[in-house]
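What follows is a single structure, written as structure tokens, with notes after it.
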Amino acid sequence: MDRNEIASLLQLEWRLDRRQKHAWGSMALYVVSTVYTCYLGVKQLNTVATWNALFWIIVLFAAFNALGRSFQREEGGRQIYLHTLAHPRNVVLARTLYNAGTMVALGVVSLAAYTLFIGDRVLAEADIGLFFCSVLLGSIGFACALTLIAAIAARAGSGLGLMAILGFPIVLPMLLATLRASKLALDGVAWSVAGNYLLAVLAIDVLAVALSAILFPYLWRD
Amino acid sequence: MKGLWWKVLATLLLLYVVIVGLRTPLRPAIVQTSVSRIAPGPVEVDVWGYGTHFIKSGAQVWIENDSQRVCATSVAAIADDHLRVQFTVPSGLRSEMSDLAVFSERDGLLERFGAFFTEGRGAGIATQNCVTGKSLRLAILEFPNRDILNESIRNLFFHVPMWFTMVVLLSIGVWKSVVVLRKNDPDADRSAAVAVQVGLAFATLGLITGSLWARVTWETWWTSDPKLNGSAATMLIYLAYLVLRGSVPEPAKRARLAAIYSVFAFSFMLLFLFVLPRLNDSLHPGNGGNPAFSKYDIDKRLAPVFYPACLGWILLGVWMYDLRNRLLRLQHRLSDANDQ
């Protein structure tokens, strides 16, 4: 692990993404249009369980959409060129970090759009800090678990469909723990109860990042 | 012949499991009473047994309340599994719940705990002495007869070993995947795929036996239980693994991608099957206050069949893996020979 290398890889990502601003726009548009579709269907939601479930469904699919393209750039020669410049472990760590940042931004955008359209009445009795924590950890968790999957899907060359098939069962345990934690937060349950679920999410994140760092170099070895 | 002994062992074990596991009788038990509440005064109770011999060997019946006994005033055996009993319940029984006890020479002492809710309680009664005779019951091997489970308890020898076998086969799969990553060995890649296929077959059998068992005991085919979610996720993971294999035509690339996914997914599967259920209550034994397999007398009587069943099914799974692996290797060699 080389901090300088990761930092310059992050910078590279950022520059490339700034050149392709439409990518950001498409992610945000995806979230907003999904939320708006839900709004057309249900108007306002006041039951905690449904509100929570719908929110995480939106974030989950936004995550697949956003992370699915994270290795699409490395088609053909660019991957080999990058390989000569940086160690693959640093590449995947930088990409995971970058994706985590993207997902946090996307999570916040989703939450804003969601409360705007679907209503924030359920937040009245919620433990807001705990809820934000679970949104944060959940979004980061999706990024950690799905970065390697995105790389595999990109290498298999069959795009978003395969990404969803491969990724869904992987994120299930995390999704389950996050759903439970944010539901408890919305119910206003104490940290000591919901904290266990957040710890579980954190443990899964650590496992996912460690496994990505170990396995990714094999993916780039041709 | 070399390598034959364990196949013979697997066959013998599974024959033993099927015959003994399905033929061994359950311990006789009292399964139902017509009355669930007793009050001072005369009361007539119909008692139904399972596997009992009331006509052949008669029965003594009493109510037991906080170790004080009320003997039946008359007992009539209507059928081998049906008694009509009359009591004169005294007032002053101490405990809220009374047990029903039936004794016969052939079946021994059968008790139904908490059979009656007791009214007209007080400080106690003069206990009566009801038992006559001695149990002549011969029980070499019998299974416990538990409420709700009843005969379905035999499913233990089929449902649980399926999952053990699946875990063993998927472990073989992930081990072969690690070999692929280390050595780029096409044989190991084939073995990994075969292990996953056979493991999935056992997972399917585990789901079917589990679903049937859930229908009998929990009255639903499927319920939201951490272990059920875990098994569903496991099957999704490995179906995705097979989809991934199907979508990459180039063998070397397919081997590496599949191996990476397999190692990644297996770690998450372990997490899902063994860690997350600890966080939530499950209907399965050993979780949320349900009795675990080793906690009650259940294990002493089921163990002589359960452990051989586990070994037998695991050996059968490995045998299937071995056969399919050999078949594919021969096919591969044949096509190689044809190419040259």
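So what is the relative contact order of the stretch A:3-219, in percent, for Cα pairs below 8 Å that sit 6 or more residues apart?
Working: 235 pairs, mean separation 61.2, N = 217.
Across the stretch A:3-219, relative contact order equals 28 percent.
List the pair-distance distribution P(r) of the stretch B:150-339, using every Cα-Cα distance, as the percent of pairs falling in each 10 Å bin from 0 up to the bin containing the longest distance, rounded to whole percents.
9, 31, 33, 17, 8, 2, 0
For B:Lys7, list the aspartates and glutamates whose Cα falls under 12 Å from its own Cα; do not include residues on the same chain fewer than 8 positions away.
In chain and number order, the partners are B:Asp322.
Could I have the simple spin-label model distance between A:Ala86 and A:Leu202, label points 7 Å from Cα toward Cβ, reported in nm to one decimal?
Reported label-point gap for A:Ala86 and A:Leu202 is 2.7 nm.
Where the eigenvalues come from the Cα gyration tensor of chain B, what are the semi-axes √(5λ) of the equivalent ellipsoid, largest first, in whole Å?
56, 22, 14
Hey, can you grab everything whose amide H is under 5 Å from the amide H of B:Phe143? Only 5+ residues off in sequence or another chain; H modelled, so Pro and N-termini drop out.
It is B:Leu26, B:Arg27, by chain and number.
Give the peptides A:7-20, A:175-188 in descending order of average Cβ contacts within 10 Å, highest first.
Descending mean neighbour count gives A:175-188, A:7-20.
Report ³J(HN,Hα) in whole Hz for each residue of the stretch B:244-261, in order, from the Karplus equation J = 6.51 cos²θ - 1.76 cosθ + 1.60 where θ = phi - 60°; Gly and Pro get x.
Couplings: 4, 4, x, 8, 10, x, 7, x, 5, 5, 4, 4, 6, 4, 5, 5, 4, 5 Hz.
How do the peptides B:145-155, A:36-46, A:201-211 rank, highest first, by the average count of neighbouring beta carbon atoms within 10 Å per residue?
Those peptides, ordered most packed to least, come out A:201-211, B:145-155, A:36-46.
May I ask you to order A:143-156, A:94-107, B:315-328 by the average number of other C-beta atoms within 10 Å around their residues, highest value first?
Answer by packing, highest mean first, reads A:143-156, A:94-107, B:315-328.
How many percent of the alpha carbon pairs in the stretch A:1-109 exceed a separation of 18 Å?
56
Taking a cut-off of 22 Å between Cα atoms, list the lysines near B:Lys183, but don't count ones fewer than 8 places away on the same chain.
Qualifying lysines at Cα under 22 Å: B:Lys253.
With only alpha-carbon atoms counted, please give the Rg and Dmax of the stretch A:50-202, in Å.
Cα radius of gyration and Dmax of the stretch A:50-202 are 16.8, 54 Å respectively.
For chain B, take the longest principal axis of its alpha carbons; what is the angle in degrees between that and the long axis of helix B:186-217, to the nearest 10 within 0 to 90?
With both axes taken from Cα atoms, the answer is about 20 degrees.
Taking each residue in B:256-263, count the Cβ atoms of any other chain within 10 Å of its Cβ, then average. What number comes out?
Average per residue, whole number: 6.
Show log10 I(q)/I(0) for the stretch A:180-222 at q = 0.15, 0.19 Å⁻¹, two decimals, from a solvent-free Debye sum over equal Cα scatterers.
The Debye formula, applied to the Cα set alone, gives -0.50, -0.61.
Which are the unpartnered cysteines of chain B, meaning those with no other cysteine Cβ under 4.7 Å from their Cβ?
If one checks each Cβ against the other cysteines of chain B, B:Cys310 turn up with nothing under 4.7 Å.
Across peptide A:144-156, how many C-beta atoms of other chains are within 10 Å of each residue C-beta, on average? Walk me through the intermediate numbers first.
On the way: counts 0, 2, 0, 0, 3, 5, 0, 2, 8, 4, 0, 5, 11.
What the average comes to for A:144-156 is 3.
If you take each beta carbon of peptide A:189-202 and count the beta carbons of other chains within 10 angstrom, what is the mean?
1
Measure nothing fancy, just the Cα-based angle from helix B:5-23's long axis to the longest principal axis of chain B, in degrees from 0 to 90, nearest 10.
30
Under a 5 Å amide H to amide H cut-off, with H placed in plane at 1.01 Å, what residues pair with B:Thr73 once short-range neighbours are removed?
Those qualifying (amide H under 5 Å, at least 5 residues apart or on another chain) are B:Gln86, B:Phe87, B:Thr88.
In nm, give the distance between the simple-model label positions of B:Thr11 and A:Val193, each being 7 Å from the Cα along the Cα-to-Cβ direction.
In this crude label model, B:Thr11 to A:Val193 measures out at 5.8 nm.
Please compute the contact order of chain B in relative form: average sequence separation of alpha-carbon pairs under 8 Å and at least six residues apart, divided by the residue count, as a percent.
With pairs under 8 Å counted, the relative contact order is 18 percent.
Viscosity 1.306 mPa s, temperature 10 °C: Stokes-Einstein D of the stretch B:29-118 from its Kirkwood Cα radius, in µm² per second?
Once the numbers are plugged in, D ends up at 124 µm²/s.
List the lysines whose alpha-carbon lies under 16 Å from that of B:Lys56, not counting same-chain residues fewer than 8 positions away?
List returned: B:Lys134.
For the protein assembly as shown, what is one quarter of the convex hull surface built on the Cα atoms, given in nm²? Walk me through the intermediate numbers first.
On the way: hull surface 144.0 nm².
Average projection, Cα convex hull of the protein assembly as shown: 36.0 nm².
Over the stretch B:150-339, what relative contact order in percent results from Cα pairs under 8 Å that are six or more residues apart?
Details: 176 pairs, mean separation 58.0, N = 190.
Rounded, it is 31 percent for the stretch B:150-339.
Nearest 10 degrees, 0 to 90: what angle lies between the long axis of helix A:21-42 and the longest principal axis of chain A (Cα atoms)?
Helix A:21-42 sits at roughly 30 degrees to that axis.
Given a Förster distance of 56 angstrom, what is the FRET efficiency for B:Ser152 paired with A:Asn46, based on the Cβ-Cβ distance and rounded to 0.05?
With a Förster radius of 56 Å, E is 0.85.
Since every read-out is calculated from the coordinates, none of them should be taken as a lab result. Note that the coordinates shown come from a computational prediction; the quantities given were computed from them, not determined experimentally. As a convention, Cβ positions derive from the backbone with ideal geometry for all residues, glycine included, and neighbour counts pool all protein chains shown.
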